[in-house]
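Please read the structure below before turning to the comments.
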Amino acid sequence: MRIAIGVLYTLLPELVLLVIAAALAPYVATFPSSGLLAAELAALFILIVALVLSLLFNRSRMFFALLSVLIAYGALLRLAHIQEALEWQLLSGSLSLLLPLDILAFHWGAERGVFSRYGALRFGLLLLEIIFVLLLVHLHARAVAGALQVHFVRWSVLAETSITQPGLLVLTISLLTLNDKLIRRHSAELAAFFFALVTAAVMLHTQHPGTIAVFTAAIGLAFGFAIIQESWSMAYLDELTGLPGRRALEEQLRQLGGSLGGQHVIAMLDVDHFKRFNDTYGHDVGDQVLKLVASRLQMLTGNGKAYRYGGEEFCLVYAGKSLKEVVEGLEGLRMDIETSGFDLRHGERRREQTRYPDAENTGPLQITASIGAAESRSRMSDPWSVLKSADRALYNAKQSGRNCVRIAGG
């Protein structure tokens, strides 16, 4: 249930776009030729803006997916005006196969920059596809047209769509592949790629200029939103733990120090003997320790919010709270971390023992944390001074033998 809710939450912007596009498409389809031209140009403008955004934020996967949609957009608009049957079969069959394949392939590719060796290969791939399709049309390749339009099954429902059966097969495999990845990793980029596949299916199915324009615009908006959201996450969220990072903490402290501020508690948490984990078991295990601690911090109660401060240090901010209200929760957090040790998987333990001979052979890894906390003395207290007091209290906790909570001035 939690996985389904997570996927739905990740796809929420795309679901809203899908509903709006589905509502607008029948209306736009009734436009006169001048209105349709305006809709087509608007969709083109949105796609170009999304392409520019992907360039500015160096999101090469999304850039090439958008570029493939832009090429397909022009081909689909051309397809709507083709009279000759063979040309229509060749172009329709090629688009049904290539568009979902390109979207899936560009998602799988590494994020190596648009203007790089990998980028050149992707540009080359798209150029080869264009040349190949143009050659098929120019040579009137009937055998290829027959292969593209082949029928695997004779179901009447499949006769209602313009998508070829080979295209439907590729589209289904692509959707299942991205759906599986989306279940395991909820990201705005994955949601945009999944939405692009669903929307591509609608465009390939109807092939009406108005519908194509509306859903192409929706793809551009979905990718634009994903680019901004992913870039925000990179700036404000710590990649390893998923917690808000230093920049997000600084903004929170500025709010506490402003007119919206008031009583607050700041706690600093440090994983005890963290260097020993890295030296004994390796950095991969050290990363697992940080992730485990972060998972406990994500479940903070009492209006607390956790931030990755740096290294093995975390910062906890309780807005509108006093030390008396949060100290019990901090002690409970310390105990929760103390009892949350984990065993290395057998294969992983053997690998780490080979690389790090000092690694112990049995028993779970013992994880503990030291915590120092301080509270604001007045409404106008400087949050950065409170943080420094919490840091001094953390030093006292470590000097007192670690695995304990110490209060500033206590």
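Would you check which residues across the range 83-122 are assigned to a helix (DSSP H, G or I) and free of Cβ contacts under 8 Å to residues at least 24 places away in the same chain and list them?
Of everything in the range 83-122, those that are assigned to a helix (DSSP H, G or I) and free of Cβ contacts under 8 Å to residues at least 24 places away in the same chain turn out to be 85, 88, 105, 108, 117, 120, 121.
Before we move on, is residue 270 out of contact with any Phe, Trp or Tyr (no Cβ under 6 Å at 6 or more places or on another chain) and either part of a strand (DSSP E or B) or modelled with pLDDT of 90 or more (or both)?
Yes, satisfied.
Could you list, in sequence order, the residues of the range 211-257 that are among the charged types (D, E, K, R) and under 30 Å from residue 21 (Cα atoms)?
230
Exactly one of these conditions fails for residue 136: (1) at pLDDT 90 or above; (2) under 24 Å from residue 196 (Cα atoms); (3) surrounded by 12 or more Cβ atoms within 10 Å (Cβ to Cβ). Give me its number.
(2)
Test of understanding: among 170, 150, which residue is touching a helix residue (DSSP H, G or I) at 6+ places or on another chain (Cβ under 9 Å), closer than 19 Å to residue 100 by Cα and loosely packed, with under 13 Cβ neighbours inside 10 Å?
150
List, please: which pairs have Cβ atoms under 6 Å, are six or more places apart or on different chains, and start with a residue in the range 292-309 that is under 11 Å from residue 244 (Cβ atoms) and end with one that is in a strand (DSSP E or B) and not hydrophobic (A, V, I, L, M, F, W, C)?
307/244
Within the range 383-405, work out how many residues are surrounded by 21 or more Cβ atoms within 10 Å (Cβ to Cβ) and more than 13 Å from residue 272 (Cβ to Cβ).
5
Residue 212: touching a residue at least 24 places away in the same chain (Cβ under 8 Å), crowded, with 18+ Cβ neighbours inside 10 Å and not in a helix (DSSP H, G or I), yes or no?
In short, no.
Each row is one residue, and each column tells you yes or no for (1) at pLDDT 90 or above; (2) assigned to a helix (DSSP H, G or I).
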{"residue": "305", "(1), (2)": "yes, no"}
{"residue": "330", "(1), (2)": "yes, yes"}
{"residue": "349", "(1), (2)": "no, yes"}
{"residue": "357", "(1), (2)": "no, no"}
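Tell me yes or no: at least one residue of the range 158-165 is assigned to a helix (DSSP H, G or I), at pLDDT 90 or above, in the same structural domain as residue 75 (by TED's automatic domain parsing) and surrounded by 12 or more Cβ atoms within 10 Å (Cβ to Cβ).
The answer is yes; a qualifying residue exists.
Filter the range 154-167 down to the residues that are in contact with a Phe, Trp or Tyr (Cβ under 9 Å, 6 or more places away or on another chain) and either closer than 21 Å to residue 219 by Cα or touching a residue at least 60 places away in the same chain (Cβ under 8 Å) (or both) and list them by number.
166 - this is the single residue of the range 154-167 that is in contact with a Phe, Trp or Tyr (Cβ under 9 Å, 6 or more places away or on another chain) and either closer than 21 Å to residue 219 by Cα or touching a residue at least 60 places away in the same chain (Cβ under 8 Å) (or both).
Kindly check whether there is at least one residue in the range 224-235 that is in a helix (DSSP H, G or I), out of contact with any Leu (no Cβ under 6 Å at 6 or more places or on another chain) and closer than 28 Å to residue 35 by Cα.
Yes.
Need the failing condition index for residue 265 against (1) in contact with a His (Cβ under 9 Å, 6 or more places away or on another chain); (2) part of a strand (DSSP E or B); (3) over 20 Å from residue 242 (Cα atoms), just the number.
Status for residue 265: all satisfied but (1).
Restricting to the range 178-207, give me the number of residues that are of a type in the set (S, T, N, Q) and assigned to a helix (DSSP H, G or I).
Residues meeting the conditions: 3.
What is the number of the single condition among (1) out of contact with any Ser or Thr (no Cβ under 9 Å at 6 or more places or on another chain); (2) surrounded by 19 or more Cβ atoms within 10 Å (Cβ to Cβ); (3) not polar (S, T, N, Q) that residue 235 does not meet?
Failed condition: (2).
Only residues in the range 226-247 that are under 10 Å from residue 188 (Cα atoms) count as the first member; pair them with residues that are acidic (Asp, Glu) and surrounded by 15 or more Cβ atoms within 10 Å (Cβ to Cβ), Cβ under 7 angstrom, at least 6 apart or cross-chain, and list the lot.
Matching pairs, first to second residue: 226/189; 230/189.
The values are calculated or read from the model by the stated rules, or taken from the named source; none is laboratory data. Here the structure is a predicted model, which means the values were calculated and not measured. For neighbour counting, all protein chains shown are included, and Cβ atoms are generated from backbone atoms with ideal geometry for every residue, glycine included.
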